[in-house]
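Worksheet for the structure shown next.
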Amino acid sequence: MIIQIPSFPGAVHFPVEIIPTFNWRLETQFSYEESFQTLAQAVRSGGGPDIYKGKICSLKARALLIDMEEGVVNEILQGPLRDVFDSKQLITDVSGSGNNWAVGHKLYGYQYRENIVEKLRKAAEHCDCLQCFFIIHSMGGGTGSGLGTFVLNLLEDEFPEVYRCVTSVYPSGEDDVITSPYNTVLAMKELNEHADCVLPIENESLFDIVNKIHQMINSGKLGSTVKQNSLVTSSAGSAKTVQEKPFDAMNNIVANLLLNLTSSARFEGSLNMDLNEISMNLVPFPRLHYLVSSLTPLYTLADVNVPSRRLDQMFSDAFSREHQLIQADPKHSLYLACALLVRGNVQVSDLRRNIERLKPSLHFVSWNQEGWKTGLCSVPPVGHSHSLLSLANNTCVKPTFIELKDRFMKLYKKKAHLHHYLHIDGMEQSCFSEAISSLSDLIEEYNELDATKGGPRTDPSRLKIAV
């Protein structure tokens, strides 16, 4: 999926490959920010071609949407942002992948290969500055895990010099797709080999965050600050029950993660961070490219009107367990590197002061004690004075992978459901053994790093100048 951001003169364009169900929510949030910025510029310049009858004509999503079940894409084309998407940049089928990685990767992948490559090239040709690809997909189903990783392989073949950044939504342990452990492990092998960096996100963590908002509403802590037509309230104005699984609110969190991640590419700032710098600075080893993300504030413009958090508290929140988008606690694990992307009226001195304040409580590898990457974007999110996105290369992702391996082995030891995969041409049982071996090797690499935690911190050797 490729999105064009015409927010200010000289803005770069970057392609984003999206294969999930939260693309509408992402575009809604982009529209909030881009609409406010473009309108402000148009007002200052006395209007212009960007505004016609109250609409911002230049706001377009340069996007390739892929789904082997056409229902979600049809909803987008019938929704309020249908004019933002190019109907020629859609690839759909009817039957879906049946929660089968092999169908998505081996069957639909080769069937739609030429069509996908053609649309990718068409979208990339319209980019003034092709910065990186975002692949956003789910891991538990067949299309997201299978076809999503097939597209990742295509990008490496067709655009080998362009970075591939992946946002992967991992299923929870109580997922209703029985074969999700197979699909996720098979997809992870492809991510290990072909992605430059991966932002893992767990459905369970997103659900817990939304549930926390509900608890605050029910306890009266938020009072009347909850918007009556928000994602966390029903049309009647009362809070939705947790059992309804508010997917829009969960998708909204992910959309805001991507808004903060791309803010430096869309807006001016005193210390803008190039998207390629994320992989360059946070991934010291090729396979250890899984970055734990946390976001503060978690409340969005569409959800809750709450007073802005104090700046220092915002930095503390970003390292707390409650704000992580996976079930993990990075403060008790080992950091390889960490990036802080701040939006709003924040000074470099504020960044440095908070980093020095937090450093004693964080464990970094001995050979990268100063492994911080920072970015400052002067334009805050709509409805907030400032925000912070933290991306941490941290060994706290290991328990997620261990749990996934255990769920996979429970099925694989019994050879349960394997026949659904093996009847697909090109799919062999060795694919499963290679996938679990790749995951085991990844876990072992994290184990080796964790074994160094708590060791003596040695200062790097200094050059001696002969007098």
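Table for the structure above
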{"item": "Difference of contour (0.36 nm per residue) and Cα-Cα distance, ASP93 to MET280", "result": "63.6 nm"}
{"item": "Exceeding the 26 Å Cα-Cα cut-off - candidates LYS212/LYS405; LYS373/LYS453; LYS119/LYS373", "result": "LYS212/LYS405; LYS119/LYS373"}
{"item": "Per-residue HN-Hα couplings for the range 153-165 [Karplus 6.51, -1.76, 1.60; θ = phi - 60°; Hz; x = Gly/Pro]", "result": "5, 4, 4, 5, 6, 8, 10, x, 8, 9, 5, 10, 9"}
{"item": "Loop-located trypsin sites (Lys or Arg not before Pro) in the range 330-419, at most 10 other Cβ atoms within 10 Å (DSSP)", "result": "LYS413, LYS414"}
{"item": "Theoretical gain in end-to-end length, HIS417 to GLU193 [0.36 nm per residue, Cα-Cα removed]", "result": "78.1 nm"}
{"item": "Summed side-chain charge close to VAL117 - residues other than VAL117 whose Cβ falls under 9 Å, Lys, Arg +1, Asp, Glu -1", "result": "-1"}
{"item": "In nm, spacing of pseudo-spin labels at GLU403 and VAL177 (7 Å Cα→C-beta vector)", "result": "1.7 nm"}
{"item": "Cubic angstrom per residue, convex hull over Cα atoms of the range 309-467", "result": "217 Å³"}
{"item": "Theoretical gain in end-to-end length, VAL117 to GLU75 [0.36 nm per residue, Cα-Cα removed]", "result": "12.7 nm"}
{"item": "Förster radius 41 Å - calculated FRET efficiency between GLU268 and SER430 (Cβ-Cβ, nearest 0.05)", "result": "0.20"}
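Laboratory data are not the source of any read-out in this text; all were calculated from the coordinates shown. No experiment lies behind these values; they were computed from the predicted model shown. Positions of Cβ are backbone-derived with ideal geometry, glycine not excepted, and every protein chain shown enters the neighbour counts.
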